[in-house]
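Here the structure comes first, spelled out in structure tokens, and everything after it is commentary.
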Amino acid sequence: MQISSPSLAPARLVSHVHAQQPRVLVFGGAGFLGSHLCEKLLSQGKKVICADNFDTGRMENIAHLCGKSAFQFIRHDVVAPLAVEVDEIYNLASPASPPHYQADSIRTLKTNLFGAFNVLELARARGIKVFQASTSEVYGDPEVHPQPESYWGNVNPIGPRACYDEGKRGAETMFACFRAQHGVDTRMARIFNTYGPRMRPDDGRVVSNFVMQALCGENITIYGDGQQTRSFCFVDDLIDGFVKLMDAPSSNGEPINLGNPGEFTMLELAELVIGLTGSRSKITYRPLPVDDPRQRRPDITRAKDKLGWMPRIPLAEGLVTTIDYFDRYLTQAAPRAHVG
Ligand code: NAD
Ligand code: UDP
């Protein structure tokens, strides 16, 4: 599909033309969050073009969607421009787990910076809305707690997490510049730690590690003393927030925190997972990674006020669903990959 004639028409006009069945491009749609977003958009009667290079995503996340006439998959790297006729763009393309994004730090930076540029150029050419999956990592190791969007953060620009944190910060700047200079209708979500079915078993993030370890009776690996905190949002709640943000009649382009304010230490999380799985796993301690944030909790006042959004699913309930997903994965799969 090619863009027939680049248009600078405002987003409202283009949306009106395709009001019956808008076509939505989801970059990173074969990943954990992206696959849930594709499902949600299809359930709303939209046509979905899912673009992904399978860097961390998996065909099995979208295999059940591939037979649907409203769903199309394109194998594409967001680092290169893509010309498609769509009415909205969600940009989720980026590795998200620290081991994954640190494995090729230059590639992570390119994905986030060039990727943001390319989706914004497409949005500008077509006069359409574009959504950016930003992150709580823009706050780095925060000195303000909980974190409101007005906080500018505390990021080490040359540390091991910088390729991701600064890549996402640079992408936010790119979005702000395209909005200011070209009037692109931008939407930015700062996503806090999210978990749920379709995380990769070897993802390396804490929820998938702990659940896989508990189900396999392996030691639960706590990095550091386990007193660092995170706030965990269940994927369904988050995706609701994405769509509310994108569908809001207007936006001034300001970033909006999306996350669950319930705050847990990693030790509390480990104990909860052990309890819910009935596992005999023991807790073991490993060194804390460099620049690992000490605490993190979203201030979601803006999301409540502007979008009427708040998360509904408590951690224990979301974990039960997630544990069930990994349990079924283990039952179906051959010998599992090593995690931790
Ligand atoms: P994920 O790794 O499961 O999904 C990322 C997807 O992007 C994968 O399908 C991957 O193949 C694709 N991708 C990566 N590089 C690409 C490239 N160059 N071109 C095309 N596709 C590419 O991770 P996720 O948890 O689903 O995260 C999705 C987005 O949300 C990411 O941008 C991430 O930074 C952001 N985010 C996620 C969380 C979270 O807790 N899950 C928190 C903050 C931000
Ligand atoms: N973590 C842990 N054990 C693991 C994986 C992660 O204790 O097996 C810790 C990690 O050091 C961090 C927290 O859990 O303090 C969340 O890590 P994750 O990689 O999930 O997300 P992020 O650090 O990006 O918030």
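Here are a few things to note about the model shown:
- Tensor-based shape of region 153-204 (alpha-carbon gyration tensor, a/c under 1.5 rounded, otherwise prolate or oblate): oblate
- The gain in end-to-end length when the M59 to S150 segment is fully stretched comes to 29.0 nm, 0.36 nm per residue minus the alpha carbon separation.
- Projected label distance in nm at S43 and A176, using a 7 Å step from Cα toward the beta-carbon: 3.5 nm
- For region 87-165: rounded, prolate or oblate by the Cα gyration tensor [a/c cutoff 1.5]: oblate
- I220, I283, I106 arranged by Cβ crowding within 10 Å, fewest neighbours leading: I106, I283, I220
- Cross-link reach is defined here as a Cα-Cα straight distance under 17 Å, omitting same-chain residues fewer than 8 places apart; for K244 the lysines meeting it are K40, K46, K129, K304, K306.
- When the Cα atoms of region 193-340 are aligned to their principal axes, the ranges along those axes come out at 49, 34, 23 Å in descending order.
- FRET E, pair S69, D104, Förster distance 35 Å, beta-carbon r, rounded to 0.05: 0.45
- Prolate/oblate/rounded call for region 36-131, Cα gyration tensor, a/c under 1.5 rounded: oblate
- Fraction of C-alpha pairs exceeding 33 angstrom in the chain: 24 percent, rounded to a whole number.
- Rounded tilt (10° steps) of 32-43 against the dominant C-alpha axis of the chain: 50 degrees
- For V290 and A80, the difference between the fully extended length at 0.36 nm per residue and the C-alpha to C-alpha distance is 72.4 nm.
- With neighbour counts taken as other beta-carbon atoms within 10 Å, the residues C233, C50 rank, fewest first, as C233, C50.
- Neighbour-count ranking [beta-carbon atoms within 10 angstrom, fewest first] of W152, W309: W152, W309
- Magnitude of the charge dipole, the chain, Cβ model with Lys/Arg +1 and Asp/Glu -1, debye to 20: 620 debye
- Computed helical MRE - 222 nm, the chain, DSSP H runs ≥ 4 contributing -39500 (n - 2.57), nearest 500: -12000 deg cm²/dmol
- Over all other residues within a Cβ to Cβ distance under 13 Å of Q72, the charged ones net out to +3, with Lys and Arg as +1 and Asp and Glu as -1.
Here, each number is a calculation from the coordinates, and none is a lab measurement. Not measured: the values here are computed from a predicted model. When we count neighbours, we look across all protein chains shown, and the Cβ atoms used for this are built from the backbone with ideal geometry, even at glycine.
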